[in-house]
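To start, the structure itself, in structure tokens.
Just so you know, all these numbers are worked out from the coordinates, no wet-lab data involved. Just so it is clear, the structure is predicted and the values come from calculations on it, not from any experiment. Virtual Cβ from ideal backbone geometry, glycine too; neighbours counted across all protein chains shown.
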Amino acid sequence: MKKQMYNSLRLKIIGLTLVVSITPLVLLGMAIYYRFARAHEARIEDQVRHLAESQSYAVDFFLRERISLLAMLADTHGFEKLSQPAALSELFETMNRRSEMLGLIDLGVIDCNGQHTAYVGPYDLKGRDYSNEPWFAEVMAKGKYISDVYMGFRRFPHFIIAVRARNGPQHWILRATTDSDVFNRLVKTAQSGRLGDAFIVNTEGIYQTAPRFQGKILGQSHIDPKNFSHGSTFVERRSKRGATDYFAGDWLNNDKWLMVIRQELRGQTDGLAKTRNTEIMIISLGILAIIMTTIFIAHSVVTHLEETAREMDKLNAQLIQSDKLAALGKMAAGIAHEINNPLAVIGEKAGWMKDLLLEEEFQNSPHLEEYATSLLKIESHVERARKITHNMLGFARRMEPHLDDVDIHQILDQTIELLDNHARINGIKIRKHYHSGVQIIASDQSQMQQVFLNLISNAIDAIESNGLIDVTTQQKNGTIVIRIQDDGPGIPKDQQHRIFDPFFSTKATGRGTGLGLSISYSIVEKLGGTITFESEPGKGTTFIVSLPAVAPEKK
């Protein structure tokens, strides 16, 4: 039951400590990671938004530059000169030669009636009538025009830029077709990372430049321009694959085109993943260290508690034993005095009856022998009862020991000499292992002899026949230790806790009073020592007497 209790206590300590220690650590790690992830996402959002703003400014500059160029050509050269094919062709070649990034495919002059009066380029457009085209009316009304990207009869994506100029009272138009490849390359410079994208859509969501991944130029995009207000707008959306996409849009070309920067979050989370993995590793190592430390501390604490409990049990057992002996002492004095008087009367009457048996009238009795045997038994049991009461009185007196100069080896020799004949008859050998350093001490010689007599006599009785008794002495750390070891049957484990109880004996009925070890325990305790034993059933018993090595001059 105690082992289960300590195991349960150990598990409770470990469980509670781990919960209290690990839970805040995990929560702190989660909070730190959450805040770091939010900061990382906010940084990506700012990057995407800033990229959309800067790229829209670059595209707007690209368009304004070409509008300004056409307006300058129209103002500086005039309608008459530019209407001449040779002059227009020379000007066109000069512009393309000076700037490869200009991206102009053709150049044309259109009069106020919408007639293409002059044209230079790969197509035959001279003489075409544009008076009914919507863009013609818009240029005439607003002064400039930038079309959406379209295929037209050229069969490749392009868009036109047109500006209005004045020739006296009449207006005319200088128009240029812009290569969409140059425009595409400009927009693609905003594509960042492995999963970043940049493209332009018109108000209907039609791609004006080719996207990096899904879709193609002039195809319908998955972007709804209505979700983007004027200025820079940020939109977060989850894709069909479950990934999170960030979109930033900025309107340009008089709010006709939307510059879109797309960034998939997983393409920008490599650093976040590394941070997360590092945090997980650190927390895991911390948890492992906490678990190992908790188990070690819990085991140490519970083991210490178990050892303390065992020591307490020993102290409690000694206290109970002392209480038992004290109670027995009080009881023994009264019982011994009460029993001694009837025993004296019985003994006296038994003697008187023996004397009567010597008279003639009893000598002729056929039961004379039976009477004599009965009287001998009465005297024998009276004597046995007297010995018991004598031991009880000696135990009850608890007199203070009389200190003499005691040689432990000499007392042991005298005791062994008294019991040697009894041991030899039963085939039991007593061996002595005396340590030469054992000093003369101040103790009670007669009481010590009684203790050794009880212990060696018990060892002989336990062996019964053909055995060995080892008597060993040793002095260490100011204590003299006497060990009396036999190779008898040992003491059963279920009886070991009662071995010093008064009137408890492992001997057969009638062979012991059960007071020898109790009296020995009391004597050793009064002398300031301790008496313990070690016993293993089937292998024998060892009694250990420890006495303080008090020098005679200090007695």
Problem set entry | Linear extension gain, residue 68 paired with residue 476, 0.36 nm per residue minus alpha-carbon span | 135.7 nm
For this session: For an R0 of 35 angstrom, estimate the FRET efficiency from the Cβ-Cβ distance between residue 359 and residue 380 and round to the nearest 0.05.
Result: 0.90
For this session: Could I have the simple spin-label model distance between residue 367 and residue 418, label points 7 Å from Cα toward Cβ, reported in nm to one decimal?
Result: 4.2
Exercise. So for the pair residue 235, residue 76, with labels modelled 7 Å out along Cα→Cβ, what separation do we get in nm?
Worked result: 4.3
Exercise. At 222 nm, what helix-only mean residue ellipticity would the chain give, in deg cm²/dmol to the nearest 500, using -39500 (n - 2.57) for each DSSP H run of four or more?
Worked result: -18000 deg cm²/dmol
Problem set entry | Fraction of beta bridges assigned by DSSP in region 402-554 that are antiparallel (%, nearest 5) | 80
Exercise. Which distance in nm do the two modelled labels at residue 483 and residue 39 give, with both placed 7 Å along the Cα-to-Cβ direction?
Worked result: 6.9
Problem set entry | Sites residue 11 and residue 254 - FRET efficiency at Förster radius 60 Å, r taken between beta-carbons, to 0.05 | 0.20
Exercise. Expressed as an acute angle from 0 to 90° and rounded to the nearest 10, what is the orientation of the C-alpha long axis of helix 85-98 relative to the principal long axis of the chain?
Worked result: 20
Problem set entry | Loop-located trypsin sites (Lys or Arg not before Pro) in region 122-158, at most 12 other Cβ atoms within 10 Å (DSSP) | 155
Exercise. Stretch residue 95-residue 26 to full length: gain in nm at 0.36 nm per residue minus the Cα-Cα span?
Worked result: 18.2 nm
Problem set entry | Longest site-free stretch - the chain; sites: GluC sites (Glu not before Pro), DSSP loop, at most 13 other Cβ within 10 Å | 1-203
Exercise. Going 7 Å from the Cα of residue 410 toward and past its Cβ, which residues in region 524-555 have a backbone nitrogen under 15 Å from where you end up?
Worked result: 552-553
Problem set entry | Using alpha-carbon coordinates, inclination of helix 270-356 to the longest axis of the chain, degrees | 10
Problem set entry | Long pairs among 12/274; 188/226; 377/526; 314/476; 216/274; 432/476, criterion Cα-Cα beyond 26 Å | 12/274; 377/526; 216/274
Exercise. Beyond 34 Å, what percent of the Cα pairs of the chain remain?
Worked result: 69
Exercise. Taking the Cα atoms only, what angle lies between the long axis of helix 2-82 and the longest principal axis of the chain, rounded to 10 degrees?
Worked result: 10
Problem set entry | Dipole-positive endmost among 17, 190, 7 within the chain (Cβ charges, Cα centre) | 190
Problem set entry | Whole-percent pair-distance distribution, where bins are 5 Å wide, for the alpha carbons of region 402-554 | 2, 9, 19, 23, 21, 15, 8, 3, 1, 0
Problem set entry | Additional length obtainable on full extension of the chain from residue 84 to residue 466, 0.36 nm per residue less Cα span | 122.9 nm
Problem set entry | Along each principal axis, Cα extent of region 1-268, largest first, Å | 116, 30, 29
Problem set entry | Charge-dipole axis of the chain as Lys and Arg at +1 and Asp and Glu at -1 on Cβ define it, positive-most pick from 301, 115, 165 | 115
